[in-house]
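Colleague: A single structure is presented below for examination.
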Amino acid sequence: MRRIIENLVAGIIEKLQSDALLPAGELPEYKVERPRDESHGDFSTNAALVLSRFAKMKPRDLAEKMLAALPSEQKEVDSWEVAGPGFINFRITPQRIRQLIPDILEANSDYGRSTIGNGQRILVEFVSANPTGPMHVGHGRGAVMGDAIATILQVTGHAVEREYYINDAGTQIGVLGWSVMLRYRELFGYEISMPDGSYPAQYVIDIAQSLKDKDGERWLEITTDLSAAPPLEVVNFAMERIMGWIRHDLEKINIHFDNWFSERTLHAKGKIDETIEQLTKKDLIYEGVLEPPKGKLLDDWEARPQLLFKATQFGDSVDRALKKSDNSATYFAADIAYHFDKAERGFDLLIDVWGADHGGYVKRVQAALTALTGKKKLLDVELVQMVNLVRGGEPVKMSKRDGTFVTLAEVVDEVGSDAVRFLFLTRSGGAALDFDLELAVSKSNDNPVFYVQYAHARINAVYRQLAEKGLEAGLGDGSGDLSGLTQDSELSLIRLLGAYPEMLEGAALNREPHRVPYYLIDLASAFHTYYNSTRILDDDVVLMAARLSLISAVRQVLANGLGLLGVSAPEKM
RNA sequence: GCGCUCGUAGCUCAAUCGGAUAGAGCAACGGCCUUCUAAGCCGUAGGUUGCAGGUUCGAUUCCUGCCGAGCGCGCCA
């Protein structure tokens, strides 16, 4: 719908250019947007404000000239005027606005889709929780966020793949293996002590128990020398168990990945050495000694020569280590190799969704990727702030160490997938989130999930009522005469429906899924207002059909928006 | 000390890549159910957008400096 006005304004500017009122060639960008205030029309442009300098005119004068260049015969635009400091406001004809209803009903579940992505190939990597324990709520937020970003990009015409990076190599995995081994011994009555940094929680005992059930005493003879690597078979057993939980938990909140990428395959294929070699060829690797970190006390710090990547050449604050003292690869080295692998798979853009605690890590990965590919903005990292779990205002303690943490699965069991998904998304990712378990199940206006779903259910209730009255079910398919929709509440409701595709474009462009739930809350609110003020099942059949068409379109957009968030749109509540 | 993310109504949060008079919900107060779902609607009240400068037609938004919060800061992931 915005296109109508965009084309109009573009036409005007072209005309002014040919009339030499504006200089030819490239001009600065102006905008056509929906004003916040409906009294400012359906669309507004700041073109005169932006271009006034080039026309050597005052903004308002230029705006007048622009309107003079507008053919007075307009089919879809009702009125236009100069307002404020030099905005031009346009109003779309009611007929054109009403036309949105059949448009939406015809497009059906495709309404809102666009092709602005031009098929751009994007890989969205998210969750990637370590297979050392069940997912907690923080992972859940990242999961829902990543999934929503992916979906929004899909419906705006991008070719998206979802990927989970499994950190199945490295020291943490070894620690997990030993944690299980110790608990396993304990099950046979041996005295054990869990060393610092191990995983003592109940789930480790559960895994140990299944290991015992499966293999009996088979692993008892294995040394408990913690400095050695734990048996690979035990490690794999534990890890597969945990990954099973993770997949199951993701399933519960309706998240599905296209790819599960194993870190081990990087090691196995020599990808890490290969990547270091690439960097060496570009003369970006050297042996050096780093300064001790400032402001953080490291009691075991000692100056030591390391294999370093020249990250400072690409905007990072210090050069970064690629090898540990035992000459094995750092996590960073593996991560570079992983991201390089993504790049080699031919994606136009890589999006990573990380927890905010990894924020300090962004620059170095981007630096390495730029070094390897020559592309500057290949990797976009979206940081998701932490989740504070709250129950009735009281914080719920979470710690992976003492085993009292609350898992995502527990929360989903308690409040349901819809509430988790919607509430995790109804906040910009940059802001920390207090997730209140009581509020999530409360049936109040404070809980937007129910509010939006209720609007959808209410519309269905009207249709059920229609059937009970024995009236034709086909009423409200948008085909009838809609000219009876003249109330302000009706026209602004339709306008809001018309804004849906634009909202989605904005959400995609800025990677801000939270715009979707906020929009849906607005739409639900506008509908509830309308519903309370106006009777749908009017005695006038033509008018009733028109109103049914309207709310049917509202229902469609609510369903589309909720669907995109992975939240159900119930017919009855 | 440095970096990142933030700071908006009493509380939880919005504000369209710089737009016009900064908006919702909750909490407070007052109204609306013999009619399609009251899990709803309407109204009242609530603000120096942390502070101070700067950029310009215009700043919650961009820049600089302070204040405050969270996260991070060799060989963990």
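Colleague: In the set A:Met194, A:Met181, which member is surrounded by 20 or more Cβ atoms within 10 Å (Cβ to Cβ) and either of a type in the set (Val, Ile, Thr) or out of contact with any Lys or Arg (no Cβ under 6 Å at 6 or more places or on another chain) (or both)?
Modeller: Working: A:Met194 fails: surrounded by 20 or more Cβ atoms within 10 Å (Cβ to Cβ).
Among A:Met194, A:Met181, only A:Met181 is surrounded by 20 or more Cβ atoms within 10 Å (Cβ to Cβ) and either of a type in the set (Val, Ile, Thr) or out of contact with any Lys or Arg (no Cβ under 6 Å at 6 or more places or on another chain) (or both).
Colleague: List pairs: first residue in the range A:273-295 and within 20 Å of A:Ile336 (Cα to Cα) and touching a residue at least 60 places away in the same chain (Cβ under 8 Å), second residue more than 14 Å from RNA strand B (Cβ to nearest atom) and of a type in the set (Phe, Trp, Tyr) anywhere in the structure, Cβ distance under 8 angstrom, at least six positions apart or on different chains.
Modeller: Hits for this filter: A:Thr275/A:Phe340; A:Gln278/A:Phe340.
Colleague: Still on this model: Can you report the number of residues in the range A:193-234 which are of a type in the set (Asp, Glu) and in contact with a helix residue (DSSP H, G or I) (Cβ under 8 Å, 6 or more places away or on another chain)? Lay out the reasoning, then the answer.
Modeller: Step one: filter the range A:193-234 for residues of a type in the set (Asp, Glu), giving A:196, A:206, A:213, A:215, A:217, A:221, A:225, A:233.
From what is left, the residues that are in contact with a helix residue (DSSP H, G or I) (Cβ under 8 Å, 6 or more places away or on another chain) are none.
Residues that pass the stated criteria total 0.
Colleague: Further question: Within the range A:12-40, take every residue that is surrounded by fewer than 15 Cβ atoms within 10 Å (Cβ to Cβ), touching a residue at least 12 places away in the same chain (Cβ under 8 Å) and not charged (D, E, K, R) and give me the one that is farthest from RNA strand B (Cβ to nearest atom).
Modeller: So, considering only residues that are surrounded by fewer than 15 Cβ atoms within 10 Å (Cβ to Cβ), touching a residue at least 12 places away in the same chain (Cβ under 8 Å) and not charged (D, E, K, R), the one farthest from RNA strand B (Cβ to nearest atom) is A:Pro23.
Colleague: Would you tally the residues in the range A:460-517 being among the acidic types (Asp, Glu), assigned to a helix (DSSP H, G or I) and surrounded by fewer than 21 Cβ atoms within 10 Å (Cβ to Cβ)?
Modeller: Qualifying residue count for the region: 4.
Colleague: Mind listing whichever residues of the range A:180-210 are touching a residue at least 40 places away in the same chain (Cβ under 8 Å) and within 16 Å of RNA strand B (Cβ to nearest atom)?
Modeller: If the condition is that a residue be touching a residue at least 40 places away in the same chain (Cβ under 8 Å) and within 16 Å of RNA strand B (Cβ to nearest atom), then A:Tyr199 is the only one that fits.
Colleague: Of the residues in the range A:444-459, how many are among the aliphatic types (A, V, I, L, M), more than 6 Å from RNA strand B (Cβ to nearest atom) and under 19 Å from A:Asn532 (Cα atoms)?
Modeller: Taking the range A:444-459 and keeping what is among the aliphatic types (A, V, I, L, M), we get A:449, A:452, A:455, A:457, A:459.
With the extra rule that they be more than 6 Å from RNA strand B (Cβ to nearest atom), the set shrinks to A:449, A:452, A:455, A:459.
Narrowing the set further to residues that are under 19 Å from A:Asn532 (Cα atoms) leaves A:452, A:455, A:459.
Result for the range A:444-459: 3.
Colleague: Moving on to the next point. If you take the residues of the range A:243-272 that are in contact (Cβ under 8 Å) with a residue 12 or more places away in the chain and of a type in the set (Asp, Glu), which of them is nearest to A:Glu125 (Cα to Cα)?
Modeller: Here is the first cut: in the range A:243-272, the residues in contact (Cβ under 8 Å) with a residue 12 or more places away in the chain are A:243, A:245-246, A:248-250, A:252-264, A:266-267, A:271-272.
Of the ones still in play, those that are also of a type in the set (Asp, Glu) are A:249, A:258, A:263.
Numbers: A:Asp249: 17, A:Asp258: 10, A:Glu263: 14 Å.
Restricting to residues being in contact (Cβ under 8 Å) with a residue 12 or more places away in the chain and of a type in the set (Asp, Glu), the top hit is A:Asp258.
Colleague: Still on this model: Out of the residues in the range A:151-178 meeting the condition of being away from RNA strand B (no atom under 14 Å from the Cβ) and either over 20 Å from the mean Cα position of the chain (by Cα) or free of Cβ contacts under 8 Å to residues at least 40 places away in the same chain (or both), tell me which one is surrounded by the most Cβ atoms within 10 Å (Cβ to Cβ).
Modeller: Across the range A:151-178, the extreme among qualifying residues is A:Val160.
Colleague: Would a scan of the range A:53-62 turn up a residue that is farther than 24 Å from A:Ala499 by Cβ, touching a Gly at 6+ places or on another chain (Cβ under 8 Å) and assigned to a loop (DSSP other than H, G, I, E, B)?
Modeller: The first filter runs over the range A:53-62 and keeps only residues farther than 24 Å from A:Ala499 by Cβ, leaving A:53-62.
Filter once more, so that each one left must be touching a Gly at 6+ places or on another chain (Cβ under 8 Å): A:58-60, A:62.
Pick out the ones that are also assigned to a loop (DSSP other than H, G, I, E, B) and you get A:58.
Yes, that holds for at least one residue.
Colleague: Residues that are of a type in the set (Val, Ile, Thr), under 32 Å from the mean Cα position of the chain (by Cα) and surrounded by 23 or more Cβ atoms within 10 Å (Cβ to Cβ): does the range A:129-147 have at least one? First the steps, then the outcome.
Modeller: Quick first cut of the range A:129-147, residues of a type in the set (Val, Ile, Thr) only: A:132, A:137, A:144.
From what is left, the residues that are under 32 Å from the mean Cα position of the chain (by Cα) are A:132, A:137, A:144.
Filter once more, keeping what is surrounded by 23 or more Cβ atoms within 10 Å (Cβ to Cβ): A:137, A:144.
Scanning the range A:129-147 turns up at least one residue that is of a type in the set (Val, Ile, Thr), under 32 Å from the mean Cα position of the chain (by Cα) and surrounded by 23 or more Cβ atoms within 10 Å (Cβ to Cβ).
Colleague: Can you tell me which condition A:Val441 does not meet? The list is (1) in contact (Cβ under 8 Å) with a residue 60 or more places away in the chain; (2) in contact with a Gly (Cβ under 8 Å, 6 or more places away or on another chain); (3) within 11 Å of RNA strand B (Cβ to nearest atom), and all the others hold.
Modeller: (1)
Colleague: Now a separate question. For the range A:422-438, how many residues are under 23 Å from A:Ala526 (Cα atoms), in a helix (DSSP H, G or I) and either near RNA strand B (Cβ under 6 Å from one of its atoms) or out of contact with any Phe, Trp or Tyr (no Cβ under 8 Å at 6 or more places or on another chain) (or both)?
Modeller: Selection size over the range A:422-438: 2.
Colleague: Could you tell me which of the residues A:Phe43, A:Phe87 is within 15 Å of RNA strand B (Cβ to nearest atom), surrounded by 20 or more Cβ atoms within 10 Å (Cβ to Cβ) and within 26 Å of A:Ser549 (Cα to Cα)? Before the answer, list the steps.
Modeller: Numbers: A:Phe87 fails: within 26 Å of A:Ser549 (Cα to Cα).
Unique residue meeting the criteria: A:Phe43.
Colleague: On to the next question. List the number of the failed condition for A:Arg304; all other conditions in (1) under 30 Å from A:Leu433 (Cβ atoms); (2) modelled with pLDDT under 95 hold.
Modeller: Against the list (1) under 30 Å from A:Leu433 (Cβ atoms); (2) modelled with pLDDT under 95, A:Arg304 comes up short only on (1).
Colleague: Mind checking which residues of the range A:250-309 are within 8 Å of RNA strand B (Cβ to nearest atom) and not assigned by TED's automatic domain parsing to the domain that holds A:Leu322?
Modeller: A:Glu263, the sole residue that qualifies.
Colleague: Criterion first (over 23 Å from the mean Cα position of the chain (by Cα), at pLDDT below 90 and within 14 Å of RNA strand B (Cβ to nearest atom)) does A:Glu468 satisfy it?
Modeller: On the way: over 23 Å from the mean Cα position of the chain (by Cα): yes; at pLDDT below 90: yes; within 14 Å of RNA strand B (Cβ to nearest atom): yes.
So A:Glu468 fits the description; yes.
Colleague: Residue by residue through the range A:336-351, note down the ones that are over 16 Å from A:Gly270 (Cβ atoms) and part of a helix (DSSP H, G or I). It would help to see each step written out before you state the result.
Modeller: Filtering the range A:336-351 for residues over 16 Å from A:Gly270 (Cβ atoms) gives A:339, A:342-343, A:345-351.
The answer is A:His339, A:Lys342, A:Ala343.
Colleague: Next up: Within the range A:419-432, can you find the residues that are in contact (Cβ under 8 Å) with a residue 60 or more places away in the chain and buried (at least 22 other Cβ atoms within 10 Å of the Cβ)?
Modeller: Listed by number, the residues that qualify are A:Val420, A:Arg421, A:Phe422, A:Phe424, A:Leu425, A:Gly429.
Colleague: Sticking with this structure for a sec: What's the number of the only condition in (1) more than 40 Å from the chain's Cα centre (by Cα); (2) outside any helix (DSSP H, G or I) that A:Tyr30 fails to meet?
Modeller: The failed condition is (1).
Colleague: Given (1) more than 27 Å from A:Val557 (Cα to Cα); (2) out of contact with any Asp or Glu (no Cβ under 9 Å at 6 or more places or on another chain); (3) away from RNA strand B (no atom under 13 Å from the Cβ); (4) assigned to a helix (DSSP H, G or I), identify the lone condition not met by A:Leu67.
Modeller: Of everything listed in (1) more than 27 Å from A:Val557 (Cα to Cα); (2) out of contact with any Asp or Glu (no Cβ under 9 Å at 6 or more places or on another chain); (3) away from RNA strand B (no atom under 13 Å from the Cβ); (4) assigned to a helix (DSSP H, G or I), A:Leu67 misses just condition (2).
Colleague: May I pose another question? Determine the pairs where a residue that is in the same structural domain as A:Ala159 (by TED's automatic domain parsing) and at positive phi, located within the range A:490-514, has a partner that is surrounded by fewer than 22 Cβ atoms within 10 Å (Cβ to Cβ) and at pLDDT below 95 with Cβ atoms under 7 Å apart, the partner being 6 or more residues away or on another chain.
Modeller: Once the first residue is in the same structural domain as A:Ala159 (by TED's automatic domain parsing) and at positive phi and sits in the range A:490-514, no partner that is surrounded by fewer than 22 Cβ atoms within 10 Å (Cβ to Cβ) and at pLDDT below 95 comes close enough.
Colleague: Still on this model: Limited to the range A:121-136, what total is found for residues that are outside any strand (DSSP E or B) and over 9 Å from A:Glu163 (Cβ atoms)?
Modeller: Taking the range A:121-136 as the starting set, the residues that turn out to be outside any strand (DSSP E or B) are A:126-135.
Add one more test, that the residue is over 9 Å from A:Glu163 (Cβ atoms), and what stays is A:127, A:129-135.
Of the residues in that region, 8 qualify.
Colleague: Determine which member of the set A:Gly346, A:Gly393, A:Gly359 is in contact (Cβ under 8 Å) with a residue 40 or more places away in the chain and within 13 Å of RNA strand B (Cβ to nearest atom). Write out each step before concluding.
Modeller: Working: A:Gly346 fails: within 13 Å of RNA strand B (Cβ to nearest atom); A:Gly359 fails: in contact (Cβ under 8 Å) with a residue 40 or more places away in the chain.
Every option except A:Gly393 fails the conditions.
The values are calculated or read from the model by the stated rules, or taken from the named source; none is laboratory data. Since this is a predicted model, take the numbers as computed values, not measurements. Methodologically, a virtual Cβ is constructed for each residue, glycine included, from the backbone with ideal geometry; neighbour enumeration extends over all protein chains shown.
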